[in-house]
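Presented below is the structure to which this report refers.
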């Protein structure tokens, strides 16, 4: 499974629900992940530019995209950025074999 790091902001509606709602957001995210065979690794509120950071393991980016589309359609979130974590050793091993000559001029 690939690891995805998702950071984002809550909409005003989403922030209001977080503060006054009765739903456990982590349980809701776990149910969302379980519904598509993904695994919630962590979910945190963050301080700074983004309101939250979620780490999920999934078999494909398409699964993550479908999950985020479903959540975004509720109006609860604003901006979302998705990053795919990649293994350093794997990339380094591939990079050692890459042949590249920079253009001149």
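The numbers here are math on the coordinates, done by the rules we state, and not lab data. Computed from a predicted model, the values in this text were never measured in an experiment. Glycine also receives a Cβ, built like all others from the backbone with ideal geometry; neighbour counts cover every protein chain displayed.
Within the listed set 28, 38, 95, the Gaussian network model of the chain (springs between alpha-carbon atoms below 10 Å) gives the highest mean-square fluctuation for 95. Annotation: the residues 88, 10, 100, 4, sorted from fewest to most other C-beta atoms within 10 Å of their own C-beta, follow the order 100, 88, 10, 4. Between 51, 12, 24, the GNM of the chain built on Cα springs shorter than 10 angstrom shows 24 fluctuating the most. Rounded to 0.05, the FRET efficiency of the residue 87 and residue 35 pair, given R0 = 30 Å and the Cβ-Cβ distance, is 0.65.
Where is the GNM fluctuation largest for the chain (alpha-carbon springs, 10 angstrom cutoff): 80, 91, 45? Most flexible of the set in this elastic network: 91. For the chain, the Kirkwood estimate of the hydrodynamic radius, built from every pair of different alpha carbons, is 15.6 Å. For the range 4-45, the residues whose backbone nitrogen is under 16 Å from a point 7 Å from the Cα of residue 79, taken along Cα to Cβ, are 6-12. With contacts taken as Cα pairs under 8 Å at a separation of at least 6 residues, the range 26-91 carries a relative contact order of 21 percent. Can you give me the angle between helix 25-35 and the longest principal axis of the chain, using Cα atoms only, in degrees from 0 to 90, rounded to the nearest 10? Long axis of 25-35 versus the principal axis of the chain: about 60 degrees.
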